[in-house]
Amino acid sequence: MAAALQPGDKAPAFDLPSDEGGAVSLKGHAGKIVVLYFYPKDDTTGCTSEAKAFTAGAAGFEAAGAVVVGVSKDSVKSHGKFRQKHGLSVSLGSDAEGEVVERYGVWVQKSMYGRSYMGIERATFLIDRSGVIQRVWRKVSVSGHADEVLAAVTALAGN
């Protein structure tokens with residue numbers, strides 16, 4: 001596995017199918033601040049809370065010139081159901097093959113009830129207008145996270 005991405009590193013490119021039709025990509029958001037967050041699974045308690053919190057902050061992210069993109073290994077169809085059920089406004093990218101989660105170093109060994117397995121680490125990357133990672137949050141605790149990210153975005157944008 002590659003070394004963990006750090007602030008100052010160039011953000012790895014991504015181009016993923018979106019439930020909104022077409023694709024969501026880093027290149028497609030060139031010139032914007034990108035909040036790229038990785039989450040384990042659509043429609044689970046923590047992932048739903050996180051997506052709803054980013055959606056609730058949508059106006060603030062937009063005012064700062066930022067876009068929010070959520071990525072999991074769920075299918076485009078699953079993302080669509082997730083979006084519709086919870087009224088989500090964030091972009092959702094499907095990384096079914098796991099290439100982007102590998103590039104960002106968030107496909108990790110996890111443990112639950114004494115059993116080890118591979119899964120997505122809940123993590124967020126703040127990428128500036130030049131495509132450089134400015135901040136990384138790993139092993140994210142959902143409560144208050146979207147607000148903390150919005151504050152960092154606002155500071156980065158100079159608003």
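The values are calculated or read from the model by the stated rules, or taken from the named source; none is laboratory data. Computed from a prediction, not measured in an experiment: that's the story for all the values here. Reconstructed Cβ throughout: ideal geometry from the backbone, glycine too, with neighbour counts over all protein chains shown. For accessibility, only protein heavy atoms count, side chains too; no ligands or nucleic acids. Shrake-Rupley method; radii C 1.70, N 1.55, O 1.52, S 1.80 Å.
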Open item on the list: Can you classify region 1-52 as rounded, prolate or oblate using the Cα gyration tensor, where a ≥ b ≥ c are the square roots of its eigenvalues, rounded means a/c under 1.5, and otherwise it's prolate if a/b beats b/c and oblate if not?
Closed with: oblate
Task: For region 131-139, Karplus couplings with θ = phi - 60° (6.51, -1.76, 1.60), whole Hz, Gly/Pro x - done: x, 9, 5, 9, 7, 10, 10, 10, 6
Task: Out-of-range pairs (alpha-carbon distance over 26 Å; input K10/K77; K73/K139; K10/K73; K10/K81; K32/K85) - done: K10/K77; K10/K81; K32/K85
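Nearest 20 debye, what's the magnitude of the dipole of region 36-142 about its Cα centre given +1 on Lys and Arg Cβ and -1 on Asp and Glu Cβ?
The dipole of region 36-142 has a size of about 280 debye.
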- [ ] Give the residue from L26, G65, V153 lying farthest towards the positive end of the charge dipole for the chain; charges sit on Cβ (+1 for Lys and Arg, -1 for Asp and Glu) and the dipole is referred to the Cα centre.
- [x] V153
Task: Within the chain, percent of DSSP bridges classed antiparallel, to nearest 5 - done: 65
TODO: Would you look at the GNM of the chain, springs on alpha carbons closer than 10 Å, and say which of K73, K27, K41 moves the most?
DONE: K27
Task: Net charge, A123 excluded, C-beta distance under 15 Å - Lys, Arg +1, Asp, Glu -1 - done: +2
Task: Fraction in percent of alpha-carbon pairs per bin - 5 Å, region 20-147 - done: 2, 11, 21, 25, 23, 13, 4, 1, 1
Task: region 34-153, accessible surface, carbon-and-sulfur percent (1.4 angstrom probe) - done: 50
